[in-house]
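Heads up, the thing below is written out as C-alpha cells.
The values are calculated or read from the model by the stated rules, or taken from the named source; none is laboratory data. In this text the structure is predicted, and so the values were computed from the model without any measurement. Because the Cβ atoms are built from the backbone with ideal geometry, glycine has one as well, and the counts that use them run over all protein chains shown. Quick note on the areas: whole protein, heavy atoms, side chains included, nothing else; ligands and nucleic acids left out. Shrake-Rupley method; radii C 1.70, N 1.55, O 1.52, S 1.80 Å.
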Amino acid sequence: MSAKLDLTHLPNKPLWFEAAPSRERLGAALEADVAIVGAGYTGLWTAYYLLKSDPSLRVVLVEKREVGFGASGRNGGWASAIFPISLTRVAEMYSHAAALELQGAMNDTVDEIGRVLALEGVEADYAKQGFLSLARSQPQMNRARAAVDASARFGLPQQWRTLEAGEAFTRVGARDVLGGLYTEHCALIHPGKLVRGLAKLVESMGAKIYEGSEVTELTPGLLRTAHGSVKADITVRATEAFTSQQPGHSRFVIPLYSLVLATEPLPLELRQRLNLDQRLAFNDMRHLRVYGQVTAEGRLVFGGRGAPYKWGSGMPEQADLVDSTHAKIHETMLEFFPALADTRVTHRWGGALGVSRDWCPTVSIDRKNRMAWAGNYVGDGVATSNLAGRILRNLILERDEKINHLPFVNHRSPLWEREPLRWLGVNSGLAAASLSDIEERVTHRPSRTAMLLEKLTGAH
C-alpha cells in the first residue's frame, strides 16, 4: 500500500489535541471590563497580561468552538523571532530604527514566553535551541550567505550565522546538506499544552471562558451570541484567520492553510543516526515553506504550505485535509530523511493562518468604538501573539511602554482584492513559490521568480 493511500485513512486530528470536558456556553447577559472574542494564543495572552497588571479586572473570553481550536492548536510548534515581512520592507514602510526595534522585541519575546511558563508553572515542552534553515543546493547556500551579510549590513550582525556542511549536518542529518542558516532566537513548544495551560492559568486568575458560543453580533461595547451577551468597556477581536468569516471583514484578511504530519515516536538509535536527538526547529531554504521539529516524546512533526486558497476566503472543515498536499509533504519528509521510509505516520491535520494584503500583522485599538484587535500573523503567530498580548494590555490600560511604538502597532493594511482577482492572485503566488524551487533545481541559480515574489509581497 502506498504512503499516499495510507495517509488518506488518517482523520483530521492534530497531534497536540487532547480531549477535555467542555466549558459552559454563554447563556446570560454579562458585564465585563474586557470581553475577548477568541480563546487562542492572542486572546489568552491578552487576558493573562491584563490580569497580571490588574487582578480586579473582569475579563471574559468567548470562543466559538473550544480553547485552541484554531491555529493555536494546529501549528508546528515554533516560537520564532521571525516576523512575516522582511526587515527591509519594515524599514521602507516605517524606518530603519523601527525595524531594528521590532527585531529586538521579537528576540525578547522568545525568552519572555519561556520566562512566563517557568514563573507560572505551565509545562508546554518549551526548549530554546534555535532554528536551522538547511541549505541543500548551491542556490540555497548562496542565499544563506547573502542573508547573513544582509543582516550584518542592516545592523544585526549577531542575528544569523552561516553553518558549513559539517556543522549543519551534525545538527540535522538530512540528505544533501551543504550548510545552513542558524539563529538562536527560536524555541519549540507543544502547542496544545501551551494553549490549554494558558487557559487554565487565566481562569485561576479570575477570567471566565465560554466555549461553544459563536459571536453573532459585535458592536461598540457589546457582543452577542445566540444565548447570551457581554457588555464591556472594551472588546478585543482575537480571531486570526476566522476574522475573514465575519460580516464586513471578508477582505481584511484571508485564510491560507498549512498542513502537517506527525510520525510515531522514533527510536533513540534512529534519532541519533539522523542527528534528530535534539529540540531544534528546522527546515530548508526552499521557497514553498516546510518546517520540522522533534517533539519531547521523539516524534518528527513535519509540515508545509501549498494547499490552495479557497474561493471567497472559504474555510470549510475539509480544507484542513488536502490529500495531494499531505502526500507532497510526506514525500519531502522522506527526501530529507530517506531512512524514515518505513516509519509510520500517525497524525495528519491542517489549519488556517491569517494573511493581510501586505503580509504585515497588526495590533490596533479604536477607542471611539471601544474595540481592539490583533492578528494576521502569516503563520508566525506563536511568538508574535505573546508580544501582541502585551501591547494590547498596554493599549487597553493606557500604559506607556516602548513596545507600544513598534511599527505594527495600529498598522492598517490595504484590503484584499475582490474575487476573482483574489483567488487568481493568491493561488498564482503559491504556484510561483513552487515554480521558484523548480527553477533553482534546473538553473542552479537563485530564482528570479522568487525575487519578484518577495518584492511584491515583502515576505521572506
Practice item. Considering only the range 140-177, state which residues are over 25 Å from LEU102 (Cα atoms), surrounded by 18 or more Cβ atoms within 10 Å (Cβ to Cβ) and aliphatic (A, V, I, L, M). Key: MET141, LEU163, ALA168, VAL172, ALA174, VAL177
Check your understanding: Out of the range 421-448, which residues are in contact with a helix residue (DSSP H, G or I) (Cβ under 8 Å, 6 or more places away or on another chain), within 20 Å of MET315 (Cα to Cα) and open to solvent by 40 Å² or more (accessible area, probe 1.4 Å)?
Key -> TRP423
Exercise for review: Considering each of LEU256, LEU261, LEU276 in turn, give the residue that is part of a loop (DSSP other than H, G, I, E, B) and buried (at least 20 other Cβ atoms within 10 Å of the Cβ).
Suggested key: LEU276
Check your understanding: Among the strands (runs of 3 or more DSSP E) confined wholly to the range 212-252, which include 3 or more residues that are without any contact (Cβ under 8 Å) to a residue 24 or more places away in the chain?
Key -> 215-219
Practice item. Among what's in the range 396-420 and is open to solvent by less than 70 Å² (accessible area, probe 1.4 Å) and over 22 Å from the mean Cα position of the chain (by Cα), pick the residue that is nearest to ASP358 (Cα to Cα). Key: GLU417
Check your understanding: For ALA307, are the conditions met, namely being at negative phi, of a type in the set (A, V, I, L, M) and open to solvent by 10 Å² or more (accessible area, probe 1.4 Å)?
Key -> no
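Name the strands (runs of 3 or more DSSP E) wholly within the range 102-204 that hold at least 2 residues that are among the hydrophobic types (A, V, I, L, M, F, W, C)?
Here the list reads 131-135, 186-188.
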Exercise for review: Kindly check whether there is at least one residue in the range 108-119 that is in contact with a Ser or Thr (Cβ under 8 Å, 6 or more places away or on another chain), buried (at least 17 other Cβ atoms within 10 Å of the Cβ) and not assigned by the TED database to the domain that holds LEU392.
Suggested key: yes
Check your understanding: Which number in (1) free of Cβ contacts under 8 Å to residues at least 24 places away in the same chain; (2) among the aromatic types (Phe, Trp, Tyr); (3) under 23 Å from ALA199 (Cβ atoms) marks the one condition that TYR126 misses?
Key -> (1)
